[in-house]
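Worksheet: the structure to be examined is printed underneath.
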Amino acid sequence: MARVRGLNRLTALEIKAAQSAGWHGDGGGLYLEVDAKGGRRWMLRLVVAGRRRDFGLGPLHKVTLQQARARAAEYRSLAYQGIDPVAEKRARRPAPIVPSFEHAATEVHRNRMKGWSNGKHVDQWINTLRDHAFPILGPRAVNEISTPDVLKVLTPIWITKPETARRVRQRMKTVLEWARAAGHRSGENPIDLIGDALPIMLHEPAGAMGQSRHSVTRLPCPVARTRSRCGPGSPHLKCFDSFSVCPW
């Protein structure tokens, strides 16, 4: 390549011989930097919007002289327009793809099923979401899902199918937590923000013994217990009957 005044000063032999620590100029702000340990890399020094900036263009063993000069020319062109070359390069990168809720749920299910031995539970986990959450949230990007969206899923089944609703709620929370951990969303989990927005359950779902948490256990009637102990005609029983009223 023909040398342009002030540019392309370095030759292949000079680059090979450049072993002393320092910045070896090629012109136009392009330098071959040699550090104290012998590492060699291309650097470009420019003024962008009134500020001096140094840009790394890559190590010598990966970026040739011709490639370094081409990148330097591209960066200089942007700098002359007042554009930060690095910021411009980042802006050109395609935006990361955010998965849909259905895709995220499928990924979470695939990861979790490896540790499950109960096939029925494996199928049930994703089926509850497929039946109740996917029709509303399925195609939505996980970073777009908010509290009103999860309310649309849970409200119709919160009273009629309380146990299923609780499972759907917990599994949606797990999917959205995975999405946050994976960098697909930020902020609080919308499941945690529901608060008292859901309808009030008058009765809790049956427990392991099939008994409501609020069920009342009847105690034996004290009058009947006294009669059984004292027998008919007992003066203790007459006294009890005269002054006591059994609520049972």
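The values are calculated or read from the model by the stated rules, or taken from the named source; none is laboratory data. All values derive from a computational prediction rather than experimental measurement. Heads up, the Cβs are rebuilt from the backbone with ideal geometry, glycines too, and the neighbour counts pull from every protein chain shown.
At-a-glance table
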read-out: Selection from the range 109-118 of residues that are over 13 Å from R130 (Cβ atoms) and in a helix (DSSP H, G or I); value: R110, N111, R112, M113, K114, G115
read-out: Subset tally (residues that are of a type in the set (G, A, S) and in a strand (DSSP E or B)) for the range 25-48; value: 2
read-out: Sole residue being part of a loop (DSSP other than H, G, I, E, B), among the hydrophobic types (A, V, I, L, M, F, W, C) and over 17 Å from K173 (Cβ atoms), chosen from V86, V98; value: V98
read-out: Odd one out for R218 among (1) farther than 30 Å from P99 by Cβ; (2) among the basic types (K, R); (3) modelled with pLDDT of 95 or more; value: (3)
read-out: Unique match (being surrounded by 14 or more Cβ atoms within 10 Å (Cβ to Cβ), farther than 22 Å from N189 by Cβ and of a type in the set (F, W, Y)) among Y80, Y75; value: Y75
read-out: Only listed residue being of a type in the set (D, E), within 24 Å of A197 (Cβ to Cβ) and assigned to a helix (DSSP H, G or I), chosen from D149, D123; value: D149
read-out: Every residue from the range 49-72 that is assigned to a loop (DSSP other than H, G, I, E, B) and either surrounded by fewer than 17 Cβ atoms within 10 Å (Cβ to Cβ) or without any contact (Cβ under 8 Å) to a residue 24 or more places away in the chain (or both); value: A49, G50, H61, K62, V63, T64
read-out: Boolean, P139 is without any contact (Cβ under 8 Å) to a residue 60 or more places away in the chain, surrounded by fewer than 18 Cβ atoms within 10 Å (Cβ to Cβ) and touching a strand residue (DSSP E or B) at 6+ places or on another chain (Cβ under 6 Å); value: yes
read-out: Conditions (1) modelled with pLDDT of 55 or more; (2) out of contact with any His (no Cβ under 8 Å at 6 or more places or on another chain); (3) surrounded by 10 or more Cβ atoms within 10 Å (Cβ to Cβ); number of the one not met by G233; value: (3)
read-out: Positions within the range 1-17 being part of a loop (DSSP other than H, G, I, E, B) and modelled with pLDDT of 90 or more, in sequence order; value: N8, R9, L10, T11
read-out: Positions within the range 174-209 being at pLDDT 90 or above and among the β-branched types (V, I, T), in sequence order; value: T174, V175, I191
